[in-house]
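Let me begin by presenting the structure, written as structure tokens, before commenting on it.
The values are calculated or read from the model by the stated rules, or taken from the named source; none is laboratory data. What you see is a predicted model, and the numbers here were worked out from it, not measured in a lab. Cβ placement follows ideal geometry from the backbone for every residue including glycine, while neighbour counts extend to all protein chains displayed. All accessible areas refer to the heavy atoms of the entire protein, side chains included, with ligands and DNA or RNA removed. Shrake-Rupley method; radii C 1.70, N 1.55, O 1.52, S 1.80 Å.
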2 protein chains.
Amino acid sequence: MGKGEHTRTVILEAALAQASESGFESLTIGSLAERTGLSKSGLFAHFGSREDLQCAAIDAAAQLFADTVMKPAFAAPRGVPRLWAMFEGWLGWTQRGGLAHGCPIHAASVEYDDRPGPMRDRLVGHYRALQQALDKAVRIAIDAGHLRADLDIEQFAFDMFAIVLGYYHAARLMDDARAGERARAAFGRLLADFAVPGALP
Amino acid sequence: MGKGEHTRTVILEAALAQASESGFESLTIGSLAERTGLSKSGLFAHFGSREDLQCAAIDAAAQLFADTVMKPAFAAPRGVPRLWAMFEGWLGWTQRGGLAHGCPIHAASVEYDDRPGPMRDRLVGHYRALQQALDKAVRIAIDAGHLRADLDIEQFAFDMFAIVLGYYHAARLMDDARAGERARAAFGRLLADFAVPGALP
DNA sequence: TTGAAAAAAGCACGACCGTTCGTATTATTG
DNA sequence: CAATAATACGAACGGTCGTGCTTTTTTCAA
């Protein structure tokens, strides 16, 4: 890895840490330069513009999520255990991924949900990819006989995703120590409602 | 209403419109001055600081939510119908409240979930008030015999809130036309799981 | 070791930020 | 109408923003 490439990685790591704290709109050239010890112009030279930096940062966040949550989950046994692995990995994945604060992708999804542009487009793309991976895991759980064949996969994904969002809200803004417990109960109810009776212990 | 009070209301209306679009961190003195036709200094004089303006705006948002969603819902028949009224009123309440875009309170809850200060404190307070109103409505539904007496009220509130968050995500970022349908299905499943059999048609 | 290429720094720019101050305009009251 | 208070304005302040340019330093290969 050349020096420039290494520096770029360092910058993106700092950008992820900051986005985890305060979102992507807080990613300014000046603050990032200070964080990394670079000069403004030196840092700026690695990206054509601030927007390019933000885009690179959100791509890095999506990659980190995939590596931290999805990849390990697909190593779990197929079916419902894998869905649980995904869910558990999802809750508080930022800690495991080395980010001290919130989920930067979630922050971005609120910041850009009404602001057309490359950031929004990228974000939607990453979510669609996540959706597909989730769909796949659910389909496998159906094929494995764990979940009912008449399950509406999109509805299941909606419900599961909603629980994670509820967890973020409760755990972070409301400082609810029982957020994880609540989220697991909700996901358990979701699975129970669509489980094939007797298929799992 | 004196002139100053009227102007202050106009400013806060503009602030809410802007926060609905781009969050509370986008509330700058300059942009708001342009939006209202006031000068920067003229606008600034109505609030001691930008932070005070933001706080006043989020209080106004909470008030608008209460007037638009909670108050009408408490006019609905007690029990599950009232819970449905709350839920329906909640989805897309910003339109009914005169805000063209997203829920400003939701935007704020992501912007300030990791930033201590008066904004976060106020936000948490408003959510606690909402939580209490919701708890009350659920308790009434239990007393009315619509929902099971062993229902965990906090868990119910978590689940219901999560569904709304899932709706926001699907409807706004993902432009999912079926978001409302999905949310209603999820809430219907929540109610069905805790309904007293035969208590409702 | 030297020389080309890459990387980082230095500096300057116009724009906008929140805020302050003094002044002018407008409302309200006696 | 006059006096006074409320309201709004214009200009300016020190800072930070993103972004160009030029120069210096570092890296890496011949």
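For chains B and A, what's the summed buried accessible area, probe 1.4 Å, to the nearest 100 square angstrom?
Buried: approximately 3600 Å² between A and B.
Is there a simple number for the mean count of other chain Cβ atoms within 10 Å of the Cβ of residues in B:104-117, and what is it?
5
Using a 1.4 angstrom probe on the protein heavy atoms only, could you order B:Glu154, B:Glu13 from most to least accessible area?
In descending accessible area the options line up as B:Glu13, B:Glu154.
Could you provide, to the nearest whole Å², the per residue accessible area of the stretch B:58-194 with probe 1.4 Å?
Accessible surface, normalised per residue, equals 40 Å².
For label points placed 7 Å from Cα toward Cβ, what is the shortest-first list of nm distances from B:Arg178 to its copies?
So the label point of B:Arg178 gives 3.5 nm to the other copies.
What number comes out for the charge environment of B:Cys55, summing +1 per Lys or Arg and -1 per Asp or Glu over other residues with Cβ under 14 Å away?
My count for the surroundings of B:Cys55 gives -1.
Compute the label-point distances linking B:Gly48 to its equivalents in the other copies; points lie 7 Å from Cα along Cα→Cβ; give nm, one decimal, shortest first.
For B:Gly48, the other copies' label points sit at 4.8 nm, shortest first.
Where does the stretch B:58-194 land on the Kirkwood hydrodynamic radius, alpha-carbon pairs, in angstrom?
Answer for the stretch B:58-194: a Kirkwood hydrodynamic radius of 15.6 Å.
How far is B:Gly145 from itself in the other copies, in nm, if each label sits 7 Å out from Cα along the Cα-Cβ line, shortest first?
4.4
At 7 Å along Cα-to-Cβ for each site, give me the label-to-label distance between A:Asp176 and A:Ala129 in nm.
3.1
Using the Kirkwood radius over Cα pairs, work out the Stokes-Einstein diffusion coefficient for the protein assembly as shown at 4 °C and 1.567 mPa s, in µm²/s as a whole number.
57
Quick one: 3J(HN,Hα) in Hz for the stretch B:83-92, Karplus 6.51/-1.76/1.60 with θ = phi - 60°, rounded, Gly and Pro as x.
Using θ = phi - 60°, the values come out as 5, 5, 4, 4, 4, 5, x, 5, 5, x Hz.
Sort B:134-141, A:69-76 for me by packing, meaning the mean count of neighbouring Cβ atoms within 10 Å per residue, highest on top.
Per-residue mean Cβ counts within 10 Å order the peptides as B:134-141, A:69-76.
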